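Written out below as structure tokens is the structure these notes cover.
The values are calculated or read from the model by the stated rules, or taken from the named source; none is laboratory data. Note that the structure is predicted; figures quoted are calculated from it, not measured. Here the Cβ is made from the backbone with ideal geometry for all residues, glycine too, and neighbour counts use every protein chain on show.
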Amino acid sequence: MAEEVLRVKDLEVQFKTAEGYLSAVRGISFNLKKGETVCVVGESGCGKSISALSIMGLLPANGRIANGEIWFDGKDLVKLRQDEIQKIRGNDISMIFQEPMTALNPVFTIGFQLCEPLRIHQNLNKTVAAKKAVELLKQVGISEPERRMKQYPHELSGGMRQRVMIAIALACEPKILIADEPTTALDVTIQAQILDLLNELKQKFNTSVIMITHDMGVVAEVADRVIVMYAGEVVEEGDVETIFNDPQHPYTQGLLASVPNVDREQEELTAIPGSMPSLNEKIEGCRFHPRCPFATEKCKLQHPSMTMIGNHKVRCWLKGGQVSDDNINSQRDAL
Amino acid sequence: MFAMIIRRMVQLVFLLIGITFIVFMAMHIAPGDPASIIGGPTATKTDIIQIRERLGLDRPIIIQYLDYLNGLLHGDLGISFQTNRSVAEEIWIRLPNTVNLAVASVIVSILIGIPLGIISALKRNSWLDVFSTTVSLGGISVPHFWLGAIFILIFAVHLKWLPVGGLHAPFWTPQGFKEIILPAITLGTGSAAMTARMTRSAMLEIIRADFVRTARAKGVKERAVIWVHCLRNAMIPVVTVIGLNFGGLLGGTIITEQVFAINGVGRLMIESISARDFPMVQGGVLLIATIFVVINLLVDIVYALIDPRINYD
Ligand SMILES: Nc1ncnc2c1ncn2[C@@H]1O[C@H](COP(=O)(O)OP(=O)(O)OP(=O)(O)O)[C@@H](O)[C@H]1O
Ligand SMILES: [Mg+2]
């Protein structure tokens, strides 16, 4: 079995709001192995980006990690000082974002922005860094890399900018790449190209990838393992075949049923009824029960914990879930 | 860029013709006869008619205007009614003082305004922010002459640290520096305040931008995130404000020069207006308008230097 590169344990993230501290991420745990791609899926607002930003130490100013540990390279990232985590960001752990159009600084050249991580983390001088940057641009499939170095972001298309972002993220050959919906803002053909590129580079450098998406098509294409999140919690986790062929949680089943599928053209798409609760909504019992077609009395009252079923984990009473106290803790902290 | 500069220069010519017309007419229509001022209280009617003839004021106003324009085209700003010396020469003698004052004030407004704005934005809602926004608001509202008088009272009269007035050397020399401090702060405070406010709001907006998050994600140190990635972007609107302020600043030199007894173009203008010295006033206004237009042109050039997305061609 491949070695573990990242372990997130009971991570809880809160935001300071007018109503006090509210939890956006409620005690999630997962690990990531070397060379593995884990997809984090779930509806908008379930806490995917916030979880990722916590790992990077880049939470918005009103956010805080209230609880939990993030173990990387023998260190708990939660406890590191700013200058210590700066040495890890862009070097050992990199991140690319959803919006390539705004992710690059409009007033600096591509070359400057691409050389920055090389100069910071590898102490390369200008000429050496520039040489390496040109190489990187070639690797991410950008034509005429020497000319691109001198261009500004507005002179490049969205797909090209995302390629540049990938080059920046991979510049220092990080151990972990976090990609937060890297293709959502791009059109379909470009999406496929970017995914192929990520797959190819990942294999080349044996990078571990955390891919955030709400597109099950993307999951099918890149994932080794899938983490399904709902309202700040992990509700199901398993390898990609099991999740697709044998989803256990009603929420996962709903997500999969709402994906268009050429094989079942005739069938209607079934969306999950209702919507994600907002941060300030208090929900007793299972957080999914208000939207769950199978909810029982027990689901309304008691919060289930993660249970192993075969080789996957699920948080559901119908699948033999156990009473957990972690939800009680997070409710208390929220007050 | 070059085409833009040429275009602006052509615009400037038309603008200046328009300005001369307005100022010329305004001066001639306004009450008060230069001839009787020059002649003094003892002058007889014939004296005054003679003076009017000598100055060419007896001709129809349109002819006078065309004559003036003709002179301008040949680089001749006319002769002062008061001193009988060339207007260009009179202005030229005083211009260094005014330029000194204006430039020093802009420097003051940049040196105070930009750091204050940045600190405010970074320490948003802290006591420092509240203090600086309050001071900024005060700085915008306080009139120059009052501030100048207070400064003189405190730093020149009571503490005797700085001279009461006058300006006899460029601001970068020791003597000039001492002489310019109070006037430059007096004149620069308002625009420092505006610059601070603009810097603060621009920084607050930029700090939330996606590319700032990208910079942090790359491991860029916080100091470089602010001073490299944010500042250059935030400067785009700030440069506009500084450019616009310059217009107000030129107007402000008139009062500031008066308060601090600086022999500059502003003071010359006041004297010329009360003496109905038409050519002198027109010359001064033309000069100020030209400087204003040139400064705005410079601002647009600086724009293009800061922001690669701007392309004037
Ligand atoms: N700065 C903030 N202050 C308060 N609440 C926030 C803040 N940032 C995010 N949230 C809340 O935290 C929750 C999780 O947000 P997050 O961005 O992680 O969602 P997501 O799963 O990435 O959704 P999407 O698919 O739309 O990107 C949301 O309910 C969001 O409203
Ligand atoms: Mg997100």
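Among the residues of region B:214-232 satisfying the criterion of being farther than 17 Å from B:L204 by Cβ and among the charged types (D, E, K, R), which is farthest from the other protein chains (Cβ to nearest Cβ)? Ranking the candidates gives B:R223 first. One residue is enough: does region B:197-212 have a residue meeting the conditions under 30 Å from A:Q86 (Cβ atoms), in contact with a Phe, Trp or Tyr (Cβ under 7 Å, 6 or more places away or on another chain), part of a helix (DSSP H, G or I) and within 14 Å of another protein chain (Cβ to nearest Cβ)? Yes, because at least one residue in region B:197-212 is under 30 Å from A:Q86 (Cβ atoms), in contact with a Phe, Trp or Tyr (Cβ under 7 Å, 6 or more places away or on another chain), part of a helix (DSSP H, G or I) and within 14 Å of another protein chain (Cβ to nearest Cβ). Taking first residues from region B:156-181 that are surrounded by fewer than 16 Cβ atoms within 10 Å (Cβ to Cβ) and partners that are among the hydrophobic types (A, V, I, L, M, F, W, C), the Cβ contacts under 6 Å between residues at least 6 apart in sequence or on separate chains come to B:W161/B:F155; B:V164/B:I152; B:V164/B:A156; B:G166/B:A261; B:Q175/B:A169; B:F177/B:F171; B:K178/B:L162. Of the helices (runs of 4 or more DSSP H) contained entirely in region B:221-313, those carrying at least 2 residues that are closer than 30 Å to A:K87 by Cβ and not assigned by TED's automatic domain parsing to the domain that holds B:D67 fall at B:231-259. Checked against (1) away from ligand 1 (no atom under 11 Å from the Cβ); (2) surrounded by 17 or more Cβ atoms within 10 Å (Cβ to Cβ), A:R7 passes all but condition (2).
For region A:40-76, which positions are among the hydrophobic types (A, V, I, L, M, F, W, C), within 7 Å of ligand 1 (Cβ to nearest atom) and without any contact (Cβ under 8 Å) to a residue 60 or more places away in the chain?
So the first thing to find is which residues in region A:40-76 are among the hydrophobic types (A, V, I, L, M, F, W, C), and the list is A:40-41, A:46, A:50, A:52-53, A:55-56, A:58-59, A:61, A:65-66, A:70-72.
Within this subset, residues satisfying the condition of being within 7 Å of ligand 1 (Cβ to nearest atom) are A:46, A:50.
The answer is A:I50, and nothing else.
Could you check, for region A:145-157, whether at least one of its residues is buried (at least 21 other Cβ atoms within 10 Å of the Cβ) and either over 21 Å from the mean Cα position of the chain (by Cα) or on the phi > 0 side of the Ramachandran plot (or both)? Checked against the condition, which is being buried (at least 21 other Cβ atoms within 10 Å of the Cβ) and either over 21 Å from the mean Cα position of the chain (by Cα) or on the phi > 0 side of the Ramachandran plot (or both), region A:145-157 yields at least one hit.
Regarding region B:125-134, can at least one residue be identified that is buried (at least 17 other Cβ atoms within 10 Å of the Cβ) and among the polar types (S, T, N, Q)? Full working, then the answer.
As a first pass, look at region B:125-134 and keep what is buried (at least 17 other Cβ atoms within 10 Å of the Cβ): B:129, B:132-133.
Narrowing further to those that are among the polar types (S, T, N, Q): B:132-133.
Looking through region B:125-134, at least one residue is buried (at least 17 other Cβ atoms within 10 Å of the Cβ) and among the polar types (S, T, N, Q).
For the structure I just gave you, tell me whether A:G47 is more than 14 Å from chain B (Cβ to nearest Cβ), within 16 Å of ligand 2 (Cβ to nearest atom) and either crowded, with 17+ Cβ neighbours inside 10 Å or closer than 20 Å to B:I207 by Cβ (or both). Step through it out loud before you land on a result.
Details: more than 14 Å from chain B (Cβ to nearest Cβ): yes; within 16 Å of ligand 2 (Cβ to nearest atom): yes; either crowded, with 17+ Cβ neighbours inside 10 Å or closer than 20 Å to B:I207 by Cβ (or both): yes.
For A:G47, the condition - more than 14 Å from chain B (Cβ to nearest Cβ), within 16 Å of ligand 2 (Cβ to nearest atom) and either crowded, with 17+ Cβ neighbours inside 10 Å or closer than 20 Å to B:I207 by Cβ (or both) - is met.
Scanning region A:31-44 for residues that are within 11 Å of ligand 2 (Cβ to nearest atom) and surrounded by 24 or more Cβ atoms within 10 Å (Cβ to Cβ) yields A:V40, A:G42. A single entry from A:G74, A:G57, A:G90 fulfils the requirement of being away from ligand 2 (no atom under 16 Å from the Cβ), out of contact with any strand residue (DSSP E or B) (no Cβ under 8 Å at 6 or more places or on another chain) and within 28 Å of A:G158 (Cβ to Cβ): A:G90. If you go through region A:194-219 and keep only what is more than 15 Å from ligand 1 (Cβ to nearest atom), crowded, with 16+ Cβ neighbours inside 10 Å and of a type outside the set (G, A, S), you end up with A:I194, A:L195, A:L197, A:L198, A:L201, A:K202, A:T207, A:V209. Of everything in region A:172-189 that is modelled with pLDDT under 90 and within 16 Å of ligand 2 (Cβ to nearest atom), the residue that is surrounded by the most Cβ atoms within 10 Å (Cβ to Cβ) is A:T183.
Counting the residues of region B:27-44 that are within 15 Å of B:Q282 (Cβ to Cβ) and surrounded by 13 or more Cβ atoms within 10 Å (Cβ to Cβ) gives 3.
How many residues are more than 16 Å from ligand 2 (Cβ to nearest atom) and either under 22 Å from A:E236 (Cβ atoms) or within 14 Å of chain B (Cβ to nearest Cβ) (or both) when one looks only at region A:12-30? So that I can check it myself, show each step before the final result.
Quick first cut of region A:12-30, residues more than 16 Å from ligand 2 (Cβ to nearest atom) only: A:12, A:14, A:16-23, A:26-27, A:29-30.
Filter once more, keeping what is either under 22 Å from A:E236 (Cβ atoms) or within 14 Å of chain B (Cβ to nearest Cβ) (or both): A:12, A:16, A:23, A:26-27, A:29-30.
Summing the residues that are more than 16 Å from ligand 2 (Cβ to nearest atom) and either under 22 Å from A:E236 (Cβ atoms) or within 14 Å of chain B (Cβ to nearest Cβ) (or both) in region A:12-30 gives 7.
Looking across region A:97-112, the residues that are surrounded by 24 or more Cβ atoms within 10 Å (Cβ to Cβ) and more than 7 Å from chain B (Cβ to nearest Cβ) come down to A:P100, A:I110.
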